[in-house]
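Step one of this worksheet: look at the structure below.
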Amino acid sequence: MNIRVLLACLAMLTACAAPQPAATVVPSMSGAQPEQQAANRVLIVLYDPAVGAEPLLQAVREMQAELVYRYTNINGIAARIPPPQDMAQAIRSLERVPGVLQVQRDQIMQLQNPAAH
């Protein structure tokens, strides 16, 4: 009986240690719904906590952008840029704000298992 239990435990440990193909993350915009298309005008901006959020929030107000969310744990915000404004220009403008570390477009990501293809 003890050998059966030992073999069962060994089999489970072996199964847990077997390498699995890594899942990949890919952007997915095909068949985007209207709310997803609106997210294309959203920028995620990370800032230096030593500088604080105020210069960034002031720039967002001056751009007449909508503050969508404040990420307090990662020192960032999400801002929706109004349609008449050029997104590339908005990114460049926000990158010049004191304390801004990174500006990127919001996007939907999906995990894909390579074995599923």
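Tallying residues that are of a type in the set (Asp, Glu) and in a helix (DSSP H, G or I) within the range 94-117 yields 1. Selection of the range 81-93 for residues being small (Gly, Ala, Ser) and either part of a strand (DSSP E or B) or surrounded by 11 or more Cβ atoms within 10 Å (Cβ to Cβ) (or both) yields Ala90, Ser93. Cβ-Cβ contacts under 9 Å between residues 6 or more apart (or on different chains), taken from a first residue in the range 42-63 that is among the charged types (D, E, K, R) to a second residue that is outside any helix (DSSP H, G or I), are listed as Asp48/Asn75; Asp48/Pro98; Asp48/Gly99; Asp48/Val100; Asp48/Leu101; Glu54/Gly99; Arg61/Leu67. The residue that is surrounded by the most Cβ atoms within 10 Å (Cβ to Cβ), among those in the range 94-112 that are farther than 18 Å from Val42 by Cβ and in contact (Cβ under 8 Å) with a residue 12 or more places away in the chain, is Gly99. Elements of the type strands (runs of 3 or more DSSP E) sitting completely within the range 1-80 and holding at least 1 residues that are at pLDDT below 50 and not basic (Lys, Arg): these cover 24-27.
The values are calculated or read from the model by the stated rules, or taken from the named source; none is laboratory data. Keep in mind that this is a model prediction, so the values were computed, not measured. Quick reminder, even Gly has a Cβ in these numbers, built from the backbone with ideal geometry, and neighbours come from all protein chains shown.
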